[in-house]
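Student: Just dropping this structure here.
The values are calculated or read from the model by the stated rules, or taken from the named source; none is laboratory data. Owing to the predicted nature of the structure, the values given are computational and were not obtained by experimental measurement. So basically every Cβ, Gly included, is an ideal-geometry build from the backbone, and we count neighbours across all protein chains shown. All accessible areas refer to the heavy atoms of the entire protein, side chains included, with ligands and DNA or RNA removed. Shrake-Rupley method; radii C 1.70, N 1.55, O 1.52, S 1.80 Å.
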Amino acid sequence: MPNPILTPESVLCESACNSWTQPDPQGSRVTELEKGKVLYLPQLAFVLSPQELALLDVSRVDPKRKNISYNPESGRLTGIADEADRPAIEGLLARHYQSCKMLIAALLPEYQQHLHSPVNTLRLHPVTAWRKSSSWRKDDSRLHVDAFPSRPMHGERILRIFTNINPQGGSREWRIGEDFPQLARRFYPRLGGYSPLTSWLQHVVGITKRRRTRYDALMLQMHDKMKSDAQYQQQGLQLTFQFPPGSSWICFSDQTPHAAMAGQFMLEQTWQLPVLGMKHPEHSPLRVLESLAGRALL
Ligand SMILES: [Fe+2]
């Protein structure tokens, strides 16, 4: 049976923005972004120098790691295979971070004072390389919303900026799913309980960086139920979309169901955003799940 199709207009919001420093010529898109749409910037390229282009090789990543990650606040760079690459890769990721910061100031200025915990990644592997070696839970080619087992978010949002930097012309292919309220109504009845004692223990023994709240337990269960449900994966509402090289896109990845199907070479910037830093907190997964649960979840 073919996948039920969503329209591009229902999941994407396209912008003519072509600069990392200029506001959107069509005005603010913050409301559509907060409703869970992918803000698609087909003309926003991140241009690499010849020296940076030479870094685009899978051999630069530590074979034990999926990606190269950079924390611009601590300067911590992880995932490089060869120490000799450190200055060049750190330089690229620091430059990318500065561009993303300017983009937020231009496109989403209301978030500037609230975003925290920046991390960016250089993704050199083809998406398919990781699919083969992953368990279903780590398989990001299955539709999911982001929720991390070791990093409880306590309701905070995960804002991500992606840029396809493939020099050979390959698009990044995503499947994008239905809006979060619909998704939550679909999965909420199947989500299980929460044990404060287990959450406390998991934190004490170091499984989680901090205590998992009811919200974190629900989000993690929803992530797993989505990925393990073959019928939802095949027949759930979705749209397949190609992000060509030289394009960027922004979404709240804890809200927008997504699956990475194909592509290689990408830069990605993540921030956390407190719910109270949103223009419309009622669209947050926390508030949507709280309205279904009929209680506070933190
Ligand atoms: Fe994801």
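Student: Within the stretch 135-148, count every residue that is within 13 Å of the ligand (Cβ to nearest atom), under 25 Å from VAL205 (Cα atoms) and either surrounded by fewer than 20 Cβ atoms within 10 Å (Cβ to Cβ) or not small (Gly, Ala, Ser) (or both). Even if it seems obvious, please write down each step before you answer.
Tutor: The initial filter retains those residues of the stretch 135-148 that are within 13 Å of the ligand (Cβ to nearest atom), namely 137-148.
Going one step further and asking which of them are under 25 Å from VAL205 (Cα atoms), we end up with 137-138, 146-148.
Checking the rest, the ones that are also either surrounded by fewer than 20 Cβ atoms within 10 Å (Cβ to Cβ) or not small (Gly, Ala, Ser) (or both) come to 137-138, 146, 148.
Of the residues in that region, 4 qualify.
Student: From the set of residues in the stretch 121-134 that are surrounded by 13 or more Cβ atoms within 10 Å (Cβ to Cβ) and of a type in the set (Ser, Thr, Tyr), which is nearest to ASP229 (Cα to Cα)? Let's see the steps before the verdict.
Tutor: As a first pass, look at the stretch 121-134 and keep what is surrounded by 13 or more Cβ atoms within 10 Å (Cβ to Cβ): 121-131, 134.
Keeping just the survivors that are of a type in the set (Ser, Thr, Tyr) gives 121, 128, 134.
On the way: THR121: 29, THR128: 20, SER134: 17 Å.
Going through the qualifying residues, I end up with SER134.
Student: Condition first: open to solvent by 20 Å² or more (accessible area, probe 1.4 Å) and in a strand (DSSP E or B). Now tell me which residues in the stretch 269-280 satisfy that.
Tutor: Here is the first cut: in the stretch 269-280, the residues open to solvent by 20 Å² or more (accessible area, probe 1.4 Å) are 272, 274, 276, 279-280.
Hit for the stretch 269-280 is GLN272, nothing else.
Student: If a residue has to be touching a helix residue (DSSP H, G or I) at 6+ places or on another chain (Cβ under 9 Å) and either of a type in the set (Gly, Ala, Ser) or near the ligand (Cβ under 9 Å from one of its atoms) (or both) to count, how many in the stretch 258-269 make the cut?
Tutor: 4
Student: Further question on the same structure: I'm checking my understanding of the structure. Among residues of the stretch 149-167 that are among the polar types (S, T, N, Q) and in a loop (DSSP other than H, G, I, E, B), which one is farthest from the ligand (Cβ to nearest atom)?
Tutor: Keep residues of the stretch 149-167 that are among the polar types (S, T, N, Q), which gives 150, 163-164, 166.
Of the ones still in play, those that are also in a loop (DSSP other than H, G, I, E, B) are 150, 166.
Details: SER150: 15, ASN166: 19 Å.
Ranking the candidates gives ASN166 first.
Student: Also, I was wondering about something else. Of a type outside the set (A, V, I, L, M) and free of Cβ contacts under 8 Å to residues at least 12 places away in the same chain: which single residue out of PRO72, PRO63, PRO4, PRO25 fits that description? Don't jump to the end; show me each part of the working.
Tutor: Values: PRO72 fails: free of Cβ contacts under 8 Å to residues at least 12 places away in the same chain; PRO63 fails: free of Cβ contacts under 8 Å to residues at least 12 places away in the same chain; PRO4 fails: free of Cβ contacts under 8 Å to residues at least 12 places away in the same chain.
Answer to the selection: PRO25.
Student: Taking the stretch 118-144 on its own, how many of its residues are of a type in the set (Gly, Ala, Ser) and part of a loop (DSSP other than H, G, I, E, B)?
Tutor: First pass over the stretch 118-144, keeping only residues of a type in the set (Gly, Ala, Ser): 129, 133-135, 141.
Restricting the remaining residues to those that are part of a loop (DSSP other than H, G, I, E, B) gives 134-135, 141.
So the count comes out to 3.
Student: Determine which member of the set SER253, SER228 is out of contact with any Asp or Glu (no Cβ under 8 Å at 6 or more places or on another chain), of a type in the set (Gly, Ala, Ser) and within 16 Å of the ligand (Cβ to nearest atom). Before the answer, list the steps.
Tutor: Working: SER253 fails: out of contact with any Asp or Glu (no Cβ under 8 Å at 6 or more places or on another chain).
Exactly one of SER253, SER228 is out of contact with any Asp or Glu (no Cβ under 8 Å at 6 or more places or on another chain), of a type in the set (Gly, Ala, Ser) and within 16 Å of the ligand (Cβ to nearest atom), namely SER228.
Student: Is it fair to say ALA296 is assigned to a loop (DSSP other than H, G, I, E, B) and either over 17 Å from ILE161 (Cβ atoms) or modelled with pLDDT of 95 or more (or both)? It would help to see each step written out before you state the result.
Tutor: Values: assigned to a loop (DSSP other than H, G, I, E, B): yes; either over 17 Å from ILE161 (Cβ atoms) or modelled with pLDDT of 95 or more (or both): yes.
Yes.
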